[in-house]
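Enquirer: Before we start, here is the structure in question, set down as structure tokens.
Every read-out reported here was derived from the displayed coordinates using simple, explicitly stated rules and does not represent laboratory data. Nothing here was measured: the structure is a model prediction, and the numbers come from that model. Backbone-built Cβ (ideal geometry, glycine too); neighbour counts: all protein chains shown.
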Amino acid sequence: MTEKIAVMGAGTMGSGIAQIAVEAGFAVTVVDTEQAFVDRGIGGIKKFLEKKVAKGTYTQEQFKAMDGRLSGTTDIKKAVEGAVMVVEAVFENIDLKKEIFQKLDGLCPKEVILASNTSTLSISVIAGVTKNPSRVIGTHYFSPVPLMRLVEVIRGKETSDATAAKTVELCKKFGKTPIVVKDIPGFIVNRFLCLIYNEAANMIHNGSASAQDIDMAMKLGCNWPMGITEIIDLAGVDVCAFAMEAMYQMTGEERYKPSPLFAKMLAEKKLGRKTGEGFYKYNNK
Ligand SMILES: NC(=O)c1ccc[n+]([C@@H]2O[C@H](COP(=O)([O-])OP(=O)(O)OC[C@H]3O[C@@H](n4cnc5c(N)ncnc54)[C@H](O)[C@@H]3O)[C@@H](O)[C@H]2O)c1
């Protein structure tokens with residue numbers, strides 16, 4: 001029988017996670033707060049899959065089958081019905097995530113895994129609002145999800161061995177390489193990345209270097225495939241700024257204090273590729 005995955009949030013990450021699950025043969029339902037957001041997410045996934053058909057990766061029949069397994073709704077109850085795992089990928093806000101996990105805990109039978117795609121927040125804290133914290137876990141995917149190979153699987157204080165094992169198995173079925181990490185702020189990847197993002201933003205803010213030079217330096221000097229500010233523009237300046245703020249709040253360490261440049265860019269709506277301007281300008285038309 002085709003297993004079902006439900007994904008909360010049809011944004012950058014939610015639609016990426018939905019795509020890899022549907023490509024792996026699962027039935028997937030994405031849920032968002034407005035039908036327009038659901039349609040945008042599903043439309044984006046279909047566009048990617050159509051490109052793969054054009055490239056010869058999939059046949060029309062395979063595309064049709066994936067299309068048939070993919071659905072969207074604004075009704076959370078309908079979305080989670082029959083799912084073996086729900087992956088939450090809404091905004092990086094602890095109160096919102098707590099509210100959603102409490103709701104999911106009430107809606108889903110206790111064997112259903114509830115996973116959060118949080119970049120920085122504590123899985124134990126999120127699990128703390130549920131009656132069944134043993135089935136709560138973190139699955140931190142990276143952007144763009146279809147291309148990035150890693151998933152950090154985060155065990156909360158009470159996550160069971162069975163939940164961890166099944167999650168690792170599902171991530172592998174989605175074509176990813178999972179590593180099980182401790183529930184510490186930023187896990188592994190974002191502990192480093194937040195520092196690097198912040199240093200780049202501070203250097204630009206105080207005039208020590210331009211975004212172009214920082215990116216060129218890392219690409220040519222360290223063989224990074226993308227520059228630091230190019231990565232921030234791709235992930236979203238707002239997403240990185242929220243992650244940084246969360247790291248600062250959780251650790252209390254000055255090194256994570258968000259550069260003033262982030263607040264300035266948020267006020268100017270320079271959120272990166274999605275708004276047409278971040279550290280660089282983009283032609284989104
Ligand atoms: N963007 C990245 O590079 C990246 C990487 C790893 C992890 N993350 C994490 O993934 C999560 C999502 O990030 P994103 O970049 O996809 O954000 P996004 O802003 O692109 O998408 C979030 C989506 O969640 C929806 N949403 C908000 N409240 C909701 C609710 N109550 N029910 C259903 N949907 C709701 C929003 O309408 C939006 O479509 C965050 O926790 C973020 O920290 C992001």
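Enquirer: Averaging sequence separations of C-alpha pairs under 8 Å and six or more residues apart, then dividing by the length of the chain, give the relative contact order as a whole percent.
Expert: For the chain, the relative contact order is 13 percent.
Enquirer: Using 0.36 nm per residue, how much length does the chain from Thr74 to Thr2 gain when fully extended, once their Cα-Cα distance is taken away?
Expert: Extending this stretch completely gives an extra 23.7 nm.
Enquirer: Which helices, counted as full DSSP H runs in the chain, have an axial Cα extent of no less than 15 Å and a Kyte-Doolittle average of -0.5 or above?
Expert: Once both thresholds are applied, what remains is 12-23, 35-55, 94-107, 161-173, 189-205, 211-222, 237-251.
Enquirer: Can you compute the FRET efficiency between Cys222 and Gln249 using 1/(1 + (r/R0)^6), with r the Cβ-Cβ distance and R0 = 35 Å? Round to the nearest 0.05.
Expert: Efficiency, from the Cβ-Cβ distance: 0.75.
Enquirer: Would you mind computing Rg(Cα) / (2.2 N^0.38 Å) for segment 202-285, counting N as its residues?
Expert: Ratio of Cα Rg to 2.2 N^0.38 Å: 1.11.
Enquirer: Here's a follow-up. Taking only the alpha-carbon positions of segment 122-244 and ignoring solvent, what does the Debye formula give for the base-10 log of I(q)/I(0) at q = 0.12, 0.14, 0.17 Å⁻¹?
Expert: -0.55, -0.70, -0.92
Enquirer: Moving to a separate point now. Step by step: find N for segment 54-141, compute 2.2 N^0.38 Å, then divide the Cα radius of gyration by it. What's the final number?
Expert: Rg over 2.2 N^0.38 Å, computed on Cα atoms: 1.29.
Enquirer: What is the distance in Å between the Cα centroid of segment 257-285 and that of segment 74-105?
Expert: First find each Cα centre; the distance between them is then 28 Å.
Enquirer: Taking every pair of alpha-carbon atoms in the chain, give the share separated by more than 33 Å as a whole percent.
Expert: Counting every Cα pair in the chain, those more than 33 Å apart make up 23 percent.
Enquirer: Fewest to most neighbouring Cβ within 10 Å: what's the order for Phe242, Phe48?
Expert: Fewest to most other Cβ atoms nearby, the residues stand as Phe48, Phe242.
Enquirer: Given a Förster distance of 22 angstrom, what is the FRET efficiency for Arg191 paired with Lys47, based on the Cβ-Cβ distance and rounded to 0.05?
Expert: So, using R0 = 22 Å, E works out to roughly 0.05.
Enquirer: If you don't mind, another one. Taking just the alpha-carbon atoms of segment 4-156, what radius of gyration and Dmax come out, in angstrom?
Expert: Spelled out, the Cα radius of gyration and Dmax of segment 4-156 are 15.0, 47 Å.
Enquirer: Now a separate question. Taking the Cβ of each residue in Glu3, Glu169, Glu23 as the centre, tally the other Cβ atoms inside 10 Å and list the residues starting with the fewest.
Expert: Placing the least packed residue first, the sequence is Glu169, Glu3, Glu23.
Enquirer: Sticking with this structure for a sec: I'd like the distance between the alpha-carbon centres of segment 2-68 and segment 175-225, rounded to an integer number of Å.
Expert: The two parts, judged by their Cα centres, are 29 Å apart.
Enquirer: At 7 Å along Cα-to-Cβ for each site, give me the label-to-label distance between Leu96 and Ala54 in nm.
Expert: So the two model labels end up 3.2 nm from each other.
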